[in-house]
Amino acid sequence: MDVYGLLGNPVSHSLSPPMHEAAYRELGISARYVTFEPESEALEAAVSGADALGIRGLNVTIPFKRDALSLVESDELATRIGAVNTIDFGGSSQKPTGHNTDAAGVRRAFEHHGTELDGTQAVLVGAGGAGRAVAFALAEAGAVVKIANRTKERAENLANAVPRASGHGLDDLPNLLADAEILVNATSVGMDDDRSPVPSESLSSQLTVMDIVYRPLETRLLREARAAGAETIDGAWMLLFQGVEAFELWTGREAPVGMMNDALRGELSGEADAFK
Ligand code: ATR
């Protein structure tokens, strides 16, 4: 029996166990995916302990993504993003390897919807941990990235690290969106509240709008974007494809994307029903 898991704190509401276990069932892989909640001081011991126990792979989430970088042999993209969300213990190197599948998750979510990023003008709202991964994903795929953040300085700092990017305050959003084709929200605005980080008047049918918030699945931003005639991509798609990418990295097999998507959306709609 192979063991995979998630390191984070808290992890009790994670959707990764049902998503990954759906893939194991579908492909007949004998494995379990479990969650671990170490104290921050114990992160290094947790990673080396996992290695010693023969755990095959770990996802890493808040608050450990940045600290995990130095505990493993991180690949180039994870190093540039400054965060590891996937550790692979199966490689031949001395140290476990670290990767960032959040960025691939964004790219693959757009690909899945048939949205071309190369050569586009993209506006990213948010310059926190999630924003960093999105910014690199958009830039790697060939988009020109305008980063708008409540704290403008944070957007400017991120823009300095990302090719073809510029940093702005939120008040620039109407201007930036006037000639954009892609909009991504990577702030926490809209999570468990009915607010949007983008003025609805700035949304139009020329946009494809992705929200990385997935609780709720239909955020105010996505609702207003759809009303304006825009294409929308909800937050479960990035979550799905970061998991798909991790699964493929760990197992070397093509992930059963449809089954993983069904499991994820089943969990999310169960949660939504429970709140009604
Ligand atoms: P994460 O790792 O999830 O990205 P984070 O690093 O705390 O979390 O970043 C949260 C992001 O949401 C930031 O871009 C933050 O803006 P600031 O850098 O100005 O803090 C943004 N954010 C959070 N609450 C916000 C609000 N009420 N309005 C606008 N932006 C907000």
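The values are calculated or read from the model by the stated rules, or taken from the named source; none is laboratory data. Keep in mind that this is a model prediction, so the values were computed, not measured. Here Cβ is always computed from backbone atoms with ideal geometry, including for glycine, and neighbour counts include all displayed protein chains. Just so you know, the surface numbers come from the protein's heavy atoms only, side chains and all, with ligands and any DNA or RNA stripped out. Shrake-Rupley method; radii C 1.70, N 1.55, O 1.52, S 1.80 Å.
What the table below lists for this structure:
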{"item": "Residue pairs, from the table Lys65/Lys95; Lys65/Lys276; Lys152/Lys276, whose Cα atoms sit over 27 Å apart", "result": "Lys65/Lys276; Lys152/Lys276"}
{"item": "Within-15-Å neighbourhood charge of Glu140 [Cβ basis; K, R +1; D, E -1]", "result": "-2"}
{"item": "Apportionment of accessible area to carbon and sulfur, region 103-233, percent (1.4 Å)", "result": "43 percent"}
{"item": "The chain: most fluctuating residue of Phe136, Phe36, Phe247 per GNM, C-alpha cutoff 10 Å", "result": "Phe36"}
{"item": "Average accessible surface area per residue within the chain, 1.4 Å rolling probe, Å²", "result": "45 Å²"}
{"item": "Region 227-276 and region 127-205: distance between their alpha carbon centers, rounded to Å", "result": "22 Å"}
{"item": "Cα long-axis angle, helix 257-275 against the chain (0 to 90 degrees, to the nearest 10)", "result": "70 degrees"}
{"item": "Using a Förster distance of 22 Å, the FRET efficiency for His112-Met191 (Cβ separation, nearest 0.05)", "result": "0.45"}
{"item": "Karplus 3J(HN,Hα) series, Hz, for region 240-253 with 6.51 cos²θ - 1.76 cosθ + 1.60 (x for Gly, Pro)", "result": "4, 6, 5, x, 4, 5, 5, 4, 5, 5, 6, 9, x, 10"}
{"item": "Residues whose placed amide H lies under 5 Å from that of Leu6, excluding near-sequence neighbours", "result": "Val34, Thr35, Phe36, Asn59"}
{"item": "Karplus (6.51, -1.76, 1.60) ³J(HN,Hα), θ = phi - 60°, over region 190-200, in Hz, Gly and Pro reported as x", "result": "x, 7, 6, 9, 9, 10, 10, x, 10, x, 4"}
{"item": "Beta bridge orientation in the chain: antiparallel %, DSSP, nearest 5", "result": "15 percent"}
{"item": "On Cα atoms only, tilt of 43-53 relative to the major axis of the chain in degrees", "result": "50 degrees"}
{"item": "Mean Cα-pair separation over length for the chain, i.e. relative contact order, pairs under 8 Å, 6 or more apart, %", "result": "16 percent"}
